[in-house]
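Working notes for the structure below.
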Amino acid sequence: MTEQNQHLPTLALKVIEWICPSHLREEIEGDVIQKFNRDNEKTGPLRATLKSLINSLWYFRPSILFRREKSALFSSRSFGARLINFHFNTSNNLMGWTVFGIALLTYCLTLEETASYWDCSEFIATSYKLQVPHPPGAPLFLMLGRIFSFLSFGDSTKVAYAINLMSALSSAFTILFLYWSIVMLSRKLFAKDAVEKNQWLAMSAGVVGSLAYAFSDTFWFSAVEAEVYAMSSLFAAFVIWAMLKWDATEDESLANRWLILIAYAIGLSIGVHLLNLLTVPAIALIYYFKKHKVTFLGVTATLLFSVLIIFAVANFVVQGLPSIAGYFELFFVNTLGLFFGSGAIVFVIVFAALLVLILRYSHLTKKPILNTFSLAFTFVIVGYCSYAMIIVRSNFDTPINENAPKDVMSVVRYLRREQYAMPPLLFGPNFTSQLVGYHYGDPIYIKGKTRYEVSERRFQGEYAPGEEAFFPRLWNPDAKDDYKSMLGLKEGQKPTFTQNLSYFFQHQLGTMHLRYFLWNFAGRKGDDIGADWLRPSEWFKNIPAVLSNKARNNFFMIPLILGLIGMAYQFKRDIKNSSAVFLLFVMLGAALVVYLNAPPTEPRERDYIYVGSYYAFAIWIGISVIAMAEAFERYIKNRKLVVAGALSVGLIAPALMAVQGWDDHDRSSRFFSVDAAYNELNSCDKNGILFTGGDNDTFPLWYAQETENCRTDVRALVLSYSNAAWYIDQTTRQAYQSPPFKYTLRPKDYAQGGPNNYLLYADFKIESIDANEYLNLLAKDYAPLRSDNHNLVPSKMLTIAVDKADVVRKGVVPKEMEDLIVDKMELKLKGGVLEKADLLFLDLLTTNKWERPIYVNHTSIAQLNLDVKPYAVQEGNAYRILPVKNSRKDRDYLVDTKKSYDRMMDQFKYRGLDDPSIYYTNDYKMQVQNQRANFNSLAEALIDQGDIQKASRALNFSLKKMPGNVIPYDPSVADTVSLLFKAGQKKTATEIATVVGKQSIEIASFLIADSSEVSFELRKNLFMLNSVTHVLSENDETALAQNLSNEYDRLIERLQVKGGNE
Amino acid sequence: MAKEYLGEFEELILTLVAALQEDAYGAAIAEELEKRVKREANLSAIHVTLYRLEDKGYIKSSFGGSTNERGGRRKRIYTITNAGMAMLKFMKESRIELWKLVPQLKIVGV
């Protein structure tokens, strides 16, 4: 009878393993199993199992927990001494849970209380209502997020906090597994007989390394917001820990179970983030070292094999399987004429049968390796099945349903992330390469009435021979100006291979990778975009208080140095495991840099991508404790003193990181990311349609609507999505209180790959064309407008006729603007092209005949290819398109002062913007600048109308809600000062001007002395100083103006002298 | 160190260790306890008692063979030490001494 076919009280044994010291375990386990078997015969398995479990719990008592091995028993019998020496497993577990507790507490105290910027608000909205986020989705994250959202107990304003809590918990568990992994790796550094003796040292290493990671910049950042990176890190940490457990398990069949668990975790993690796959090479290496004799060839083969596994999972499982299902589906539906989904069903049955057959075969023929691997593969698939959620929910037509992956063909596109352009990797064009044509590939199918129809074909640019090069790093034509200024290229000059490489090393590896790494372990200069790491020359610099930045963190490079020591030590002592850790470090760091092939500028800092490589480095920080102990041993005899000394030195790293990092990771009481969204929605009239620019600007609006149920009558429409047929299709449905949209054009005119994807201007010698007439022609497939299956724009001017009487009757135009109503609106083409989104905008504007209010915001108005600015009327923070024309050149926009005033003063929220203890990043500062500018234009319009009192009230309100001591004054302040003068608030105006002048001078003179570079910050402050000076002299504050003007001249002089010397 | 005494359960276990000889290990003791004294004790209680007796020096232990029934785990066989034997004897004698003090009354009705 072997263990496999014998019943074991598994749970009880688990409890015993957990509780009992290892020297007692064999005996106790044996007795428990024996008793279980006898009970089993007598009373049956159920009662026997229960009894053994209850019995096992009774082992949880001090005399078992603290029992030492017999030999040591009589040396010290006091309880205290026993406590210190009590068993390794128990103390190791307790210590793990202690670091877990520290991490969890930290993250809870610094947790974002609402939806953060970027994708977080989208993830919260889609978790809360199980909707479909942008590809490739994160279904497991969403479903778990949904469970966490229950912790809000019905208070929808607490949902964000509850889902953020999931990240905090995931991150704390990551720290737990990191701790255990470091301890396991540390124990391998000692000789077999010295492991017991060095238990406390191994645990110290674990504490130092895991806490350093817990307080590291990037990891902490992701731990307190609802992004997928925290949970993704947890899966990576778990997988690595599980592999070390596998390594430590002697019993072959038990060990294989760890492998299967790892496969399942990897499968599940696909439903969070694919990043986790990059741990595979390290895992494969650990496997190889245990199973085979080490040879160079073997290691190479293992690495190649592991890369193969990554591609197998990423390409075959994630994309390939759905693609094959797609072929089945096409064959069954289009060729055989069966119902939709028939091909997919047949594929699933065939595939499942195949898996079962292999499993059965390997089991019957007793092939353990085949069995383990096919089981592992099955579990990857099982984990991957979380994607069913995306398909199921998409078919419920959820309000957020990005790319609408409802049928097999669209799911395939969703999973293959087809909307994102992939940068070339090994061979491809440079940014200067000229296209000579397109290569059309396989067709894109969309679901028709009874069969799938070809909408368009996938295409790739074709380049003349010699235009493509090896390892192209300078590939993005959109970034050509940045490339040129970085590399000093002239117009039309092609970059050389050396320049390519220098960009790779300096920018991609240096600025966009090494800099982030050093942020985490050396220190960080601040939170401005592009902020440098804190070089030693910066350590003791006296920064003026006005320039102080909470994100300036100085670790004196201590974590970095410790990590390097640990790395060197591990390489010396344990080449095998250090190579595995190194592989983690490289795969999750530099290898990603190569793969992602980043463009020169990014909208935000991308350090979060590389968080996994910092994980590897934290292992080394931990191991440095052992290296230090070994060094101390030479001078100090007392063993305990040695361990305590190494631990205390090691703890300096996490302690510094915690102390320095706390203020800039503390996100508590910060709400403006969501308040700004609330304000934008509340700028709109009932049933409004609000065009927004990018999706990242829109996610907070979605959050506010979906989660906090705010203004669900308003429809926020992402302009860039509006080029997609699936998105337009969704506007024809009710969304909460927002009715469906009415269009003149038919759905087929908006179809993907239809004639209106891209409408080029062609000179038909027509001065202008009526928009309504134009749309009707398009809807009639009017042949003269066609060229190569594409429609054209026949004029650079599109007009919309206005029925004045109707407009007045409907009351959409404010009374004071009625004389500004035009007979026809003239919308000029900005460039030579209209996109589908512009067409949609035009269609809405003409078809709705002013019944539904249509708004744009400051980003979408810039992105539209039609110049609507003259007809945009500010209402709060949004601009409504109305048939009135702003003819004043000195005013950017018309302002509906009544609506704006009421909304901005009474309805808008500005929580916490006057609280100096709250930490605000640039994202907030930019948004506050917009808000201040909107107050300025409101006040200006009020002054134009002669309502000085209200103008003055609005300005003071703005200054009170968003004071300069919390969010520093920005370039909008000069206007504020000028308007204060006009509103008769002379005292406030000069006060603010004095403060701004003084601060700008202080900052500018520091920056000029500090660096030869003319930074954005310097420019901004000189601009503010100069513009405020102008305002002062215009308003007869000559003394103050003269004073500031002199300072300004002096600064410019210093700058020129410096520039001249360079 | 003051003279140690045994608790009732300790005494039972010590006696069983002496009685079972080469076959005295946790599960077997539990079984005998159930069979002979009709007492169902938790294994954990037996183990703790065994350890306490071992700490007091009345028994000693060594690993024995493993069986399939035990999932391949070895038994820890306990044997009584001289000190243990002396303790048992002392306890037995003192019990008998005490017993003698009880008046030999007939049970009513018999």
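Values quoted throughout were computed directly from the atomic coordinates according to the rules given, and no laboratory measurement underlies them. Model, not experiment: these values are computed from the prediction. Positions of Cβ are backbone-derived with ideal geometry, glycine not excepted, and every protein chain shown enters the neighbour counts.
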To one decimal place, what orientation-averaged projected area in nm² is obtained for the convex hull of the Cα set of region A:624-776?
18.2
GluC sites (Glu not before Pro) lying in DSSP loop within region B:1-63, provided at most 16 other Cβ fall within 10 Å
B:Glu4, B:Glu40
Gyration tensor on Cα atoms of region A:598-653, a ≥ b ≥ c root eigenvalues, a/c under 1.5 rounded, else prolate if a/b beats b/c, else oblate, says prolate
Per principal axis, largest first, the Cα atoms of region A:308-421 extend in Å by 50, 33, 25
Structure shown: which of A:Lys909/A:Lys986; A:Lys158/A:Lys909; A:Lys494/A:Lys830; A:Lys899/A:Lys987; A:Lys35/A:Lys192 lie over 25 Å apart, alpha-carbon to alpha-carbon?
A:Lys909/A:Lys986; A:Lys494/A:Lys830; A:Lys899/A:Lys987; A:Lys35/A:Lys192
Return one quarter of the surface area of the convex hull spanned by the alpha-carbon atoms of region A:856-991, equal to its mean projected area, in nm².
8.5
hull vol. (C-alpha, convex hull) per residue for the protein assembly as shown, Å³ -> 269
Can you pull the one-decimal nm distance between simple spin-label points at B:Asp23 and A:Ile345, each 7 Å off the Cα toward Cβ?
6.4
What FRET efficiency comes out for the pair A:Tyr635/A:Gln506, r = Cβ-Cβ distance, R0 = 51 Å, nearest 0.05?
0.75
Sorted by packing (mean other beta-carbon atoms within 10 Å per residue), highest first, where do A:17-28, A:242-253 land?
A:17-28, A:242-253
Length gained if A:Leu304 through A:Arg47 is fully extended, taking 0.36 nm per residue and subtracting the Cα-Cα distance, is 87.4 nm
State log₁₀ I(q)/I(0) for region A:133-288 at q = 0.10, 0.12 Å⁻¹ as given by the Debye formula over alpha-carbon point scatterers of equal weight, solvent excluded.
-0.43, -0.60
Could you point to the residue in A:Val313, A:Thr799, A:Thr126 farthest towards the positive end of the protein assembly as shown's charge dipole, with +1 and -1 charges on the Cβ of Lys/Arg and Asp/Glu respectively?
A:Val313
Hull shadow area, averaged, region A:884-951 [alpha-carbon convex hull, nm²]
6.0
Assuming a ≥ b ≥ c are the square roots of the Cα gyration tensor eigenvalues, decide whether region A:441-482 counts as rounded (a/c under 1.5), prolate (otherwise, with a/b larger than b/c) or oblate.
prolate
Please enumerate, by chain and number, the aspartates and glutamates with C-alpha under 18 Å from the C-alpha of A:Lys836, excluding those fewer than 8 residues away in the same chain.
A:Glu402, A:Glu456, A:Asp695, A:Asp729, A:Asp749, A:Asp770, A:Glu773, A:Asp781, A:Asp788, A:Asp867
Taking a cut-off of 23 Å, what percent of all Cα-Cα pairs in region A:468-552 are separated by more than that?
40
Putting +1 on Lys and Arg Cβ atoms and -1 on Asp and Glu Cβ atoms, find which of A:Tyr463, A:Leu775, A:Asn930 reaches farthest to the positive end of the dipole of chain A.
A:Tyr463
Point-charge dipole on Cβ atoms (K/R +1, D/E -1) for the protein assembly as shown, about Cα centre, debye to 20:
4060
Per the rule of 0.36 nm per residue minus the C-alpha distance, extending A:Asp788 to A:Ala314 adds in nm 166.8 nm
Test item: Cα-centred dipole of region A:310-429, Lys/Arg +1 and Asp/Glu -1 on Cβ, debye
440
Proxy reagent accessibility, fewest Cβ within 10 Å first, across A:Thr498, A:Thr157, B:Thr49
A:Thr498, A:Thr157, B:Thr49
So, with +1 on the Cβ of K and R and -1 on the Cβ of D and E, and no other charges, what is the size of the charge dipole of region A:116-228 about its Cα centre, to the nearest 20 debye?
380
Which shape class applies to region A:252-309: rounded if a/c is under 1.5, otherwise prolate when a/b exceeds b/c and oblate if not, where a ≥ b ≥ c are the square roots of the Cα gyration tensor eigenvalues?
oblate
Tell me, what is the Rg over Rh of region A:358-514, with Rh the Kirkwood radius over Cα pairs?
1.13
Pairs of Cα atoms farther than 21 Å apart, region A:394-471, %
45
May I ask which of B:Lys56/B:Lys89; A:Lys449/A:Lys849; A:Lys869/A:Lys982 have a Cα-Cα span longer than 23 Å here?
A:Lys449/A:Lys849; A:Lys869/A:Lys982
Which value in nm describes the separation of the simple spin-label points at A:Ser768 and A:Ala862, placed 7 Å from the Cα toward the beta carbon?
2.7
Listed peptides A:674-684, A:563-573, B:80-90 by packing density, highest first (mean Cβ within 10 Å)
A:674-684, A:563-573, B:80-90
Kirkwood Rh and Cα Rg combined as Rg over Rh, evaluated for region A:701-846:
1.01
Across A:21-32, the residue-averaged tally of Cβ atoms belonging to other chains within 10 Å stands at 6
In region A:143-198, the trypsin sites (Lys or Arg not before Pro) that sit in a DSSP loop and have at most 14 other Cβ atoms within 10 Å of their own Cβ are A:Lys197
Percent of alpha carbon pairs in region A:665-708 separated by more than 13 Å?
59
Which whole number gives the average, over all residues in B:38-46, of C-beta atoms from other chains lying within 10 Å of the residue C-beta?
5
Which one, A:Met486, A:Val299, A:Phe691, is farthest towards the positive end of the dipole of the protein assembly as shown when Lys and Arg carry +1 and Asp and Glu -1 on their Cβ?
A:Val299
Pull out the extension gain between A:Thr712 and A:Ser548, defined as 0.36 nm times the separation in residues minus the alpha carbon to alpha carbon distance; nm, one decimal.
54.9 nm
Where Rh is the Kirkwood radius over Cα pairs, Rg/Rh for region A:507-621:
1.02
Hand me the chymotrypsin sites (Phe, Trp or Tyr not before Pro) from region A:309-348 located in a DSSP loop with no more than 16 other Cβ atoms within 10 Å, in residue order please.
A:Phe339
Partner shielding of B:58-66, taken as the mean number of other chain Cβ atoms within 10 Å, equals 1
Relative to the compact-globule scaling 2.2 N^0.38 Å, provide the ratio for the alpha-carbon radius of gyration of region A:908-1062.
1.10
Estimated distance in nm for a label pair at A:Lys541 and A:Glu816, the labels positioned 7 Å out from Cα along Cα-to-Cβ:
4.8
